[in-house]
Amino acid sequence: MIEVIDLSKSYAKNHQILSNVCIKLDDNRIHFLMGKNGSGKTTFIKCLLGLEGYEGCITFGGKPVHRIQDRLFAIFDDVPLYDNLNGYQNIRLLLEDSGTCDPKKIEELSLLSSHKLRKRVKDYSLGEKKKLALIAALLQKPKYLFIDEISNGLDAETLEILQENLKKLKKESLILVTGHHFDFYEKIIDELYIIRDNTITHIIDYAKGGETLHDFYRKYLQNH
């Protein structure tokens, strides 16, 4: 479980991003954070990861983030990789356990071919870089996985593979995702959170009423 208590974040006196956010994220669930561009989704994830300073308290199973760093994995829209190394080399650097870097296990995920993995990452498209980061995440099987805007740049076949792998991974992980590709996320998420007005609201049992993610966006965020 991730517990967030009275989280506040601002970049200047007149630029408040988050104000007194209090939420709990349960294990073995895929949590979706919905919000407009610039609403603070990425900032919130960076606070969780300890990459941004903030006021308040964030714990992971009762522990601060520095105590569970080896159990975290995050993928952002701008994937940081080593451009002059090939795909296999990048995966080895991203994962501490070399046993998870078995080429057979990598190829079984069907995200990138062995031919592409032997090429230097500087020749990859944005979508291929994201696939490489996803391979590392799925091999590591982290306790806490954060994925920001992953669907951008991925083709339909890859999105289907990703959906199936995330549903399997949640059996042993807590997953938090953000993005605007609602049709993709709607098929996999268990919990919905909406970020607006500097706070985050948990929509309880959001799927029971038959409303779609598009419906919730129009209801809570469009023209707001």
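What the table shows:
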quantity: Some residue of region 111-130 being within 24 Å of Val65 (Cα to Cα), more than 15 Å from the chain's Cα centre (by Cα) and not basic (Lys, Arg); calculated: no
quantity: Subset of region 20-46 [in a helix (DSSP H, G or I), open to solvent by 10 Å² or more (accessible area, probe 1.4 Å) and either touching a residue at least 60 places away in the same chain (Cβ under 8 Å) or in contact with a strand residue (DSSP E or B) (Cβ under 6 Å, 6 or more places away or on another chain) (or both)]; calculated: Lys41, Thr42, Thr43
quantity: Residue that is under 25 Å from Leu18 (Cβ atoms) and modelled with pLDDT of 90 or more, where the choices are Glu186, Glu191; calculated: Glu191
quantity: Qualifying residues in region 95-123 (those that are in contact (Cβ under 8 Å) with a residue 40 or more places away in the chain and not in a helix (DSSP H, G or I)) - the one surrounded by the fewest Cβ atoms within 10 Å (Cβ to Cβ); calculated: Asp97
quantity: Qualifying positions in region 161-189 - acidic (Asp, Glu) and either open to solvent by 70 Å² or more (accessible area, probe 1.4 Å) or within 15 Å of Leu72 (Cα to Cα) (or both); calculated: Glu164, Glu172, Asp183
quantity: Any chance Leu154 is assigned to a helix (DSSP H, G or I) and open to solvent by less than 50 Å² (accessible area, probe 1.4 Å); calculated: no
quantity: Conditions (1) open to solvent by less than 90 Å² (accessible area, probe 1.4 Å); (2) under 30 Å from Gln16 (Cα atoms); (3) assigned to a loop (DSSP other than H, G, I, E, B); number of the one not met by Pro80; calculated: (1)
quantity: Close pairs (7 angstrom Cβ cut-off, 6 or more residues apart or separate chains): more than 19 Å from Leu48 (Cβ to Cβ) in region 138-164, crowded, with 21+ Cβ neighbours inside 10 Å and among the charged types (D, E, K, R) anywhere; calculated: Gly153/Lys130; Leu154/Lys130; Thr158/Lys131
quantity: Whichever residue in region 47-59 is touching a Leu at 6+ places or on another chain (Cβ under 8 Å) and not in a helix (DSSP H, G or I) and, among such residues, is least open to solvent (accessible area, probe 1.4 Å); calculated: Ile58
quantity: Unmet criterion (only one of (1) under 30 Å from Lys63 (Cα atoms); (2) at pLDDT 90 or above; (3) surrounded by 17 or more Cβ atoms within 10 Å (Cβ to Cβ)) for Glu149; calculated: (2)
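The values are calculated or read from the model by the stated rules, or taken from the named source; none is laboratory data. Since we're looking at a predicted model, the values are computed, not measured. Backbone-built Cβ (ideal geometry, glycine too); neighbour counts: all protein chains shown. For accessibility, only protein heavy atoms count, side chains too; no ligands or nucleic acids. Shrake-Rupley method; radii C 1.70, N 1.55, O 1.52, S 1.80 Å.
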